[in-house]
Amino acid sequence: QVQLVESGGGLVQAGGSLRLSCAASGRTFSSYAMGWFRQAPGKEREFVASINWSLSSTYYANSVNGRFTISRDNAKNTVYLQMNSLKPEDTAVYYCAAGGFGAEARHYGYWGQGTQVTVSS
C-alpha cells in the first residue's frame, strides 16, 4: 500500500516560485521512479518531472526544463518540486505519482489527491 499526499500549492504571480511536496507512506518502491504530473482544465494530464528513487536520476518535460527541479528526501519519504519563474501556463492541478517509471501516466499505479497551482499574469 502506498499513500501520497501533496502540499504547497497556491496562488503566485508570474515570475514567482512555489515548492510542492509529496509525502509518501507505505512502500516506496525504491527501484521505481516517482513523478509529477499536471492537468489544466480541458487538457489531458501531462508529464512534468520524475526522479528515480534509488539512483536519483531526473527527467523533465521540455516546457519546464531549466525552471523546475525535482528532488527527494529519503529520510522523510518525500519528493519535492521546486518551481521557479512560473508562468500563467503553469496553472494546473499538480499530482505526484509512484509505482511507475518514465513520462507516461499509465505506467504509474499510485496517485496523490492533487494540489492547485495558480499563476496570475
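In region 52-114, how does Rg compare with the Kirkwood Rh, expressed as the Rg/Rh ratio over alpha carbon atoms?
Working: Rg = 12.3 Å, Rh = 13.0 Å.
Rg/Rh for region 52-114 comes to 0.94.
Local charge sum around Leu18 (other residues, Cβ-Cβ under 13 Å, Lys/Arg +1, Asp/Glu -1)? It would help to have the intermediate numbers written out before the result.
Numbers: positive: Arg19, Arg38, Arg67, Lys87; negative: Glu6, Asp90.
It works out to a net charge of +2.
Tell me the net charge near Lys87. Cut-off is 13 Å between Cβ atoms, Lys87 excluded, with +1 for each Lys or Arg and -1 for each Asp or Glu.
Details: positive: Arg38, Arg67; negative: Glu89, Asp90.
So the environment of Lys87 carries a net charge of 0.
Output the direction-averaged projected area (hull surface divided by four) of the convex hull of the alpha-carbon atoms of the chain, in nm². Walk me through the intermediate numbers first.
On the way: hull surface 26.5 nm².
It is 6.6 nm².
With no solvent and one equal point scatterer placed on each C-alpha of region 32-74, evaluate the Debye formula and give log10 I(q)/I(0) for q = 0.17, 0.29 Å⁻¹, two decimals.
Values returned for q = 0.17, 0.29 Å⁻¹ are -0.48, -1.03.
Grab the other residues whose beta carbon is less than 15 angstrom from that of Thr115, score K and R as +1, D and E as -1, and report the net. Present the calculation step by step, with values, prior to reporting the outcome.
Working: positive: Arg19, Arg38, Arg45; negative: Glu6, Asp90.
Its environment carries a net charge of +1.
Excluding ligands, DNA and RNA, what is the solvent-accessible area per residue of region 22-100 at a probe of 1.4 Å, expressed in Å²? Could you put the intermediate results ahead of the total?
Details: 3760 Å² over 79 residues.
Solvent-accessible surface per residue comes out at 48 Å².
The values are calculated or read from the model by the stated rules, or taken from the named source; none is laboratory data. As the structure is a prediction and not an experimental result, all values here were calculated from the model. Note: ideal-geometry Cβ built from the backbone for every residue, glycine included; neighbour counts use all protein chains shown. For the accessible areas, the whole protein counts, side chains as well, though only heavy atoms, and no ligand, DNA or RNA atoms are used. Shrake-Rupley method; radii C 1.70, N 1.55, O 1.52, S 1.80 Å.
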